[in-house]
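Here the structure comes first, spelled out in structure tokens, and everything after it is commentary.
The values are calculated or read from the model by the stated rules, or taken from the named source; none is laboratory data. Keep in mind that what you see is a predicted model, and the values were worked out from it rather than measured. Backbone-built Cβ (ideal geometry, glycine too); neighbour counts: all protein chains shown. All accessible areas refer to the heavy atoms of the entire protein, side chains included, with ligands and DNA or RNA removed. Shrake-Rupley method; radii C 1.70, N 1.55, O 1.52, S 1.80 Å.
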Amino acid sequence: MWIEQPPLLYRLLFPEAIWRIKHRNRKTAYLTFDDGPIPEVTPWVLDTLDRYEVKATFFFVGDNVKKHPHLYEEVKRRGHSYGNHTMHHLQGFKTTRLRYMRDITEADNLIDSPLFRPPHGLMRWAQAKAIKTHYNIVMYDLVTRDYNRKMPPERVLGNVKRFARNGSIIVFHDSLKAERNMKVVLPQAIEWLRSEGYELLPLPM
């Protein structure tokens, strides 16, 4: 459960971050996709979202945007929101503040967005303080764990059903590691969330 839904204590370590967006009079959830864009997976995600008429939010790795700029433009063209996920998918705990900020800035030259999500959801306090001066830090309320190749699709979908709640920011991945699970689970998750009365929205930019 610690991975799927971060505990309150961890959330309190980063009060400047957005973990959940709860509306009083609306039941909402926010689908997000990390680590793309890549040609093997991102177009399928976009087509699936179109099929269900859902808008979502993509957190791009700058190096992937550099390699596949047409996919970056396609996400924008289809009306989804998007954010910075560093240039080289650096983990904050293993990176100095200076190097981390330089990597984010390098990605910012390619990704025009006020949104930032740290890879693995990990960063140091000093990094968060510096990032907050330039970006809205978006964390998450539910990690599907679609990237776990040892976890069958049924369990990934089960994570959505167990932990989704009003205002949940839900993490999927448009990556090769997640492809097998995500392609099975995403349509089922959208259908289940809607059957439960959730309105699926993109994060505001």
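Would you please classify the overall shape of segment 5-100 from the alpha carbon gyration tensor, given that a ≥ b ≥ c denote the square roots of the eigenvalues, rounded means a/c under 1.5, and beyond that prolate means a/b larger than b/c while oblate covers the rest? Write down the numbers at each step before the final one.
On the way: a/c = 2.60, a/b = 1.10, b/c = 2.35.
Oblate, since a/c reaches 1.5 and b/c is not below a/b.
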So if I restrict to the alpha-carbon atoms in segment 96-201, what is the Rg, and what is Dmax, the biggest pairwise distance, in Å? 16.0, 46
Can you find, among 166, 195, 42, the residue sitting farthest towards the positive end of the charge dipole of the chain, where Lys and Arg contribute +1 and Asp and Glu -1 at Cβ? 166
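Among rounded, prolate and oblate, which fits segment 47-135 when a ≥ b ≥ c are the square roots of the eigenvalues of its C-alpha gyration tensor, a/c under 1.5 means rounded, and a/b larger than b/c means prolate? Don't skip to the end; give the middle numbers.
Numbers: a/c = 2.37, a/b = 1.93, b/c = 1.23.
It is prolate, given that a/c is not under 1.5 and a/b is the larger ratio.
Given a 1.4 Å probe and every protein chain left where it sits, what share in percent of the accessible area of segment 45-172 is carbon and sulfur? Each step should come with its number before you reach the end.
Working: 2860 of 5820 Å².
That share works out to 49 percent.
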Anchor residue 177: lysines whose Cα lies under 27 Å away (excluding residues fewer than 8 positions away in-chain): 55, 66, 67, 76, 94, 150, 161
Just to confirm, what accessible area per residue do you get for segment 63-205 at 1.4 Å probe, in whole Å²? 47
To the nearest Å, what is the center-to-center distance of segment 1-57 and segment 171-205, using C-alpha atoms only? 8
Sorted largest first, the Cα spans of the chain on the principal axes come out in Å as 45, 39, 36
In deg cm²/dmol, rounded to 500, what helix-only [θ] at 222 nm does the chain give when every DSSP H run of at least 4 residues adds -39500 (n - 2.57) and the total is split over its residues? -11500 deg cm²/dmol
